[in-house]
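Asks: Would you mind keeping the following structure in view while I ask a few things?
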Amino acid sequence: MVFGGADLAIQLRGMGVTLRAVSRRTHLDVSSPPQVASLPFATRCSGHLARRARRILALCCAAFVLVLAGASAAQAQTTVTVAWDRNTDSATAGYRVYYGTSPATYQWSVDVGNEVSAPLTLTPGTIYYVAVRGYNASYAYGPPSSEVTIDLGTPAASITAVLQANNAVLVTWATANAATAVINGNPVNASGSMTVTVSATTTFTLTATSATGATATASATVTLGVAAAPTAPQSLSGSVSGSRVSLAWRAPSGGGAPQTYLLYAGTSAGATNVANGVSVGNVLSAYGDLPRGRYYIRVRAANAHGTSADSNTISVRVGRQLASPTGFTVNWVGTTATLTWAASAGDTAEDTPSSYVLEAGSAPGASDVATIRVGNTTSFSADVSSGLYYVRVRALNDYGESEPTADLVLIPPGAPNAPSGLFATGVGANVDLRWSAPRGGIAATGYLIEAGTAPGLSNIGRFPVGNVLRFSTVAPPGVYYVRVRAVSAPGPGEASNEIIIRR
């Protein structure tokens with residue numbers, strides 16, 4: 001890792017740990033028992049990629065492998081040379097290099113004698129973990145070096161260019177598995193943004209090159225002199241205090257510059273019976289007083305050349321509202337599910353429920369399967385076909401409706417048990433998910449991965465992956481909440497443990 005113009009290194013002396021920065025190369029010294037070699041581990045670079053070779057991450061702030069020889073004649077493998085500093089003690093007689101595809105678990109090793117480098121023939125698209133140990137004349141081994149990671153993944157590239165005022169262009173880009181990155185031939189960081197001024201239509205081309213020499217490109221073009229309407233405002237949010245509703249949003253990310261913003265509001269999704277294109281000026285917030293009720297609000301940006309699409313729609317509630325039902329549960333008899341809940345007591349007619357509505361969907365928060373008004377009762381029974389359903393209940397009266405209960409997941413009997421031990425590894429944008437099959441119950445015929453932006457959500461997607469216990473993908477920057485379900489003929493079963501993945 002280059003940090004502040006120098007390579008970051010770590011030294012271990014006895015049980016103490018100290019950090020120091022050194023120029024151009026790194027050292028990791030590991031003390032060892034008497035008469036057994038201590039192993040300073042470092043890395044060097046050779047070949048045409050010596051200037052900017054593929055980085056290798058190390059555990060506990062370790063070093064870099066910076067070398068790459070070429071691909072083999074069959075173009076199916078790549079030779080990577082790892083190197084380290086020679087030990088200065090008199091006991092060291094040779095070195096052994098250990099490497100494999102799992103951390104601290106090495107399928108292969110090679111004795112390199114008293115050499116201080118070793119070429120390794122590796123497969124592109126794979127992550128390897130490497131460590132070295134020194135040994136003495138009696139083949140007694142010293143402690144291992146810190147482990148380093150060799151990521152030979154396929155590169156990826158993305159870039160956007162948004163025209164701002166005065167012909168300024170905001171260029172934003174990101175890469176994955178790239179040793180080098182250039183935009184229009186100029187070296188840049190692996191990801192970032194910059195503002196440049198252009199005088200004509202300009203195309204920005206990003207090229208990401210991996211340690212194996214594989215490349216990925218992406219381009220974005222801005223055109224001057226073409227008048228355009230703005231794109232949609234972003235991230236509309238709202239809050240309520242008494243009867244006052246306060247709104248805030250972010251400016252569009254592209255298109256022409258807004259001259260004003262237009263508000264649309266109604267008492268149902270998509271309606272405009274409260275506000276239909278009310279101009280609030282070139283501002284990023286607005287407020288107003290509304291009577292009791294629920295409102296659905298969105299905003300558009302506009303200029304002389306046109307009006308944008310809608311922002312996201314938000315829902316706000318003004319005034320006192322019904323409390324949600326409590327104790328929402330399910331009891332199974334065969335494939336018949338009996339749903340029960342408890343009414344929330346109200347102080348007045350305005351906050352006392354008079355009926356209930358059940359919503360069922362194929363995803364959290366959805367109601368695409370059924371919406372059932374069940375009247376003034378606190379239970380409901382139905383035969384449930386095979387599948388996975390998300391069910392919630394709301395309270396109703398003449399003044400409005402409550403917020404829904406939390407989703408109850410309905411899984412008919414006969415579905416498999418939950419997988420266990422879900423965890424994730426990976427470097428950069430790479431994500432490698434692994435889990436264990438369910439214990440007991442119905443055998444799984446496949447698995448379903450769910451990912452969302454918050455605990456329990458699947459708003460990013462639900463992905464069938466077949467009857468496997470491992471799945472790898474590339475994730476853009478973000479925070480993901482992930483779980484996995486086993487699937488059989490009756491449908492998906494209970495979810496595994498949920499993990500958080502940050503990229």
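Asks: If residue 249 meets every condition in (1) farther than 17 Å from residue 170 by Cα; (2) assigned to a loop (DSSP other than H, G, I, E, B) apart from one, which number is that one?
Replies: Result: residue 249 fails condition (2) only.
Asks: If the Cβ limit is 8 Å and pairs must be 6+ apart or interchain, which residue in the range 167-191 that is touching a residue at least 24 places away in the same chain (Cβ under 8 Å) and surrounded by 16 or more Cβ atoms within 10 Å (Cβ to Cβ) pairs with which residue that is in a strand (DSSP E or B) and charged (D, E, K, R)?
Replies: So the pair list comes out as 177/151.
Asks: Provide a single number: the residues in the range 247-277 that are surrounded by 15 or more Cβ atoms within 10 Å (Cβ to Cβ), touching a Phe, Trp or Tyr at 6+ places or on another chain (Cβ under 8 Å) and aliphatic (A, V, I, L, M).
Replies: Residues that pass the stated criteria total 4.
Asks: Here's something else I'd like to know. When the residues of the range 79-102 are filtered to those that are aliphatic (A, V, I, L, M) and closer than 16 Å to residue 131 by Cβ, which remaining residue is modelled with the highest pLDDT?
Replies: Filtering first and then ranking leaves 97.
Asks: Find the residue count for the range 339-393, including only residues that are out of contact with any Ser or Thr (no Cβ under 8 Å at 6 or more places or on another chain), in a loop (DSSP other than H, G, I, E, B) and hydrophobic (A, V, I, L, M, F, W, C).
Replies: Number satisfying all stated conditions: 1.
Asks: Working carefully through the options 179, 157, find the one that is among the hydrophobic types (A, V, I, L, M, F, W, C) and modelled with pLDDT of 85 or more.
Replies: After applying the criteria, what remains is 157.
Asks: Among the residues of the range 272-298, count how many are of a type in the set (A, V, I, L, M, F, W, C) and closer than 30 Å to residue 397 by Cα. Before you say what the answer is, go through the steps one by one.
Replies: Taking the range 272-298 as the starting set, the residues that turn out to be of a type in the set (A, V, I, L, M, F, W, C) are 274-275, 278, 280, 283-284, 286, 290, 297.
Among the residues that remain, those that are also closer than 30 Å to residue 397 by Cα are: 274-275, 290, 297.
Of the residues in the range 272-298, 4 are of a type in the set (A, V, I, L, M, F, W, C) and closer than 30 Å to residue 397 by Cα.
Asks: If the Cβ limit is 6 Å and pairs must be 6+ apart or interchain, which residue in the range 321-334 that is over 15 Å from residue 351 (Cα atoms) pairs with which residue that is hydroxyl-bearing (Ser, Thr, Tyr) and at pLDDT 90 or above?
Replies: Listed by first residue and then by second, the contacts come to 328/405; 329/340; 331/338.
Asks: While we're looking at this one, here's another question. Only one of 458, 420, 488, 436 is among the hydroxyl-bearing types (Ser, Thr, Tyr) and closer than 25 Å to residue 129 by Cα; which?
Replies: None of the others qualify; the one that does is 436.
Asks: Take residue 209 and tell me if it is hydroxyl-bearing (Ser, Thr, Tyr) and within 23 Å of the chain's Cα centre (by Cα).
Replies: Details: hydroxyl-bearing (Ser, Thr, Tyr): yes; within 23 Å of the chain's Cα centre (by Cα): yes.
So residue 209 passes the test.
Asks: Ok, one more. Please find, among 439, 434, the residue that is among the charged types (D, E, K, R), exposed (fewer than 15 other Cβ atoms within 10 Å of the Cβ) and without any contact (Cβ under 8 Å) to a residue 60 or more places away in the chain.
Replies: 439
Asks: Find the strands (runs of 3 or more DSSP E) located wholly in the range 138-218 whose residues include 1 or more that are within 20 Å of residue 431 (Cβ to Cβ), and list them.
Replies: The qualifying strands (runs of 3 or more DSSP E) are 148-151, 156-163, 168-176, 202-209.
Asks: Still on this model: Which one of these does residue 487 not meet: (1) among the β-branched types (Val, Ile, Thr); (2) in a loop (DSSP other than H, G, I, E, B); (3) at pLDDT below 90?
Replies: Tallying (1) among the β-branched types (Val, Ile, Thr); (2) in a loop (DSSP other than H, G, I, E, B); (3) at pLDDT below 90, residue 487 fails exactly one: (2).
Asks: I want to confirm something. Restricting to the range 128-154 and keeping residues that are of a type in the set (Val, Ile, Thr) and surrounded by 21 or more Cβ atoms within 10 Å (Cβ to Cβ), which single residue is nearest to residue 105 (Cα to Cα)?
Replies: Taking the range 128-154 and keeping what is of a type in the set (Val, Ile, Thr), we get 130, 132, 148-150, 154.
Narrowing the set further to residues that are surrounded by 21 or more Cβ atoms within 10 Å (Cβ to Cβ) leaves 130, 132, 148, 150.
Working: 130: 9, 132: 13, 148: 12, 150: 14 Å.
So, considering only residues that are of a type in the set (Val, Ile, Thr) and surrounded by 21 or more Cβ atoms within 10 Å (Cβ to Cβ), the one nearest to residue 105 (Cα to Cα) is 130.
Asks: Continuing with this model, one more query. Can we say residue 280 is in a strand (DSSP E or B), free of Cβ contacts under 8 Å to residues at least 24 places away in the same chain and surrounded by 14 or more Cβ atoms within 10 Å (Cβ to Cβ)?
Replies: Against the criterion (in a strand (DSSP E or B), free of Cβ contacts under 8 Å to residues at least 24 places away in the same chain and surrounded by 14 or more Cβ atoms within 10 Å (Cβ to Cβ)), residue 280 qualifies.
Asks: So, residue 92, is that one crowded, with 16+ Cβ neighbours inside 10 Å and either touching a Pro at 6+ places or on another chain (Cβ under 9 Å) or within 30 Å of residue 256 (Cβ to Cβ) (or both) or not?
Replies: So residue 92 does not fit the description; no.
Asks: Sort through 79, 123, 105, 88 and tell me the only one that's farther than 13 Å from residue 148 by Cα and under 29 Å from the mean Cα position of the chain (by Cα).
Replies: Unique residue meeting the criteria: 123.
Asks: If residue 396 meets every condition in (1) assigned to a loop (DSSP other than H, G, I, E, B); (2) buried (at least 16 other Cβ atoms within 10 Å of the Cβ); (3) not aromatic (Phe, Trp, Tyr) apart from one, which number is that one?
Replies: (1)
The values are calculated or read from the model by the stated rules, or taken from the named source; none is laboratory data. The structure presented is a predicted model; accordingly, all values stated were derived computationally and were not measured. Positions of Cβ are generated from backbone atoms using ideal geometry, with glycine treated the same way; all protein chains shown enter the neighbour counts.
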